[in-house]
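Remarks on the structure that follows.
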């Protein structure tokens, strides 16, 4: 436990000016709850930010309330505590005696009597900071509301009330505007460290936060940005997967259509069976059942031609030629009907050979002509 000097921001509310030129106001001071201090300001250089708890029973203790009455008002915090020895040099006004509790605050009246200081207040120097001493016990715990703390203030004793241009405390700690400060030990105002505040927009709402709040919001923005990036990547992968699925579905439908196109109808199947039976019957004149079984139409016709005319005759001939030759074998009358008057069957065969040879020669000439054009 140690004794230490501290400052705290207060809210004066509306002010009024008397006919004598004095400035009169009420101020909210010495609130309950937790305040944050830099460890070095409390004499703990090895500590970072310390959460100091001010219990209700300490803030509203009779001795603590009585210590506000009659205390001097100063223009900025003095380098040392105000006493009878230097009161005249430091005071610009005084705190009244009507001390009262106001919610979680203590409300006191005060008067600024120095003309130059009144003009500064009217010019914008509108924040207040209480200079007080208290004993500080470092101990971990939780408030009745469940907030954790690192130390406890007790035996609060007020020394003075300072007018400051920029204070450090909660949003209630002001005369009429919304500037914010945190509590700090008593020190010369030239050394006062300003706690910077930031205007933060979250959605359609705006907030004023300190450094810790800004860091928390910035960290949250990074997390949100990372989640947005993850969501975008997941959406991209989902779109790619959907596109692939659509492509596979289109391919499947195409293949299905192709399969469906190959499916033989009952009528077509009947015709195929009839055609096969007719072909088998015609081919049986030249081939045995084993020679026909398992062969395609073209293979059966070629086998018939080979069996009748020899392999040399069929060698190199295309299926169309073989089909005509087969028809000539099994239905010679149809070919005879096509013969010119007076021509023999052999002459017709010779003519067919000649026509086929001539067609093949024309085909070869065409291929050579195409290759020449390409070169």
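Dividing the convex hull volume of the alpha carbon atoms of the stretch 234-292 by its residue count gives 107 Å³ per residue.
Packing order of peptides 107-115, 280-288, highest average first: 107-115, 280-288 (average count of other Cβ atoms within 10 Å over each peptide's residues). Ordering 310-320, 125-135, 69-79 by mean Cβ neighbour count within 10 Å, with the highest value first, yields 125-135, 69-79, 310-320. Computed from the Kirkwood radius of its Cα pairs, the Stokes-Einstein diffusion coefficient for the stretch 20-77 at 25 °C and 0.890 mPa s stands at 171 µm²/s. For the stretch 197-263, the Kirkwood hydrodynamic radius from C-alpha pairs, put into Stokes-Einstein at 4 °C and a viscosity of 1.567 mPa s, yields a diffusion coefficient of 80 µm² per second. Give the separation of the Cα centroids, the stretch 124-163 to the stretch 23-78, in Å. Their Cα centres are 4 Å away from one another.
Bear in mind these aren't lab numbers, they're just calculated from the coordinates by the rules spelled out. It should be emphasised that the depicted structure is a prediction, and the values quoted were computed from it without experimental measurement. Cβ coordinates were reconstructed from backbone atoms using ideal geometry, including for glycine residues, and neighbour counts include every protein chain displayed.
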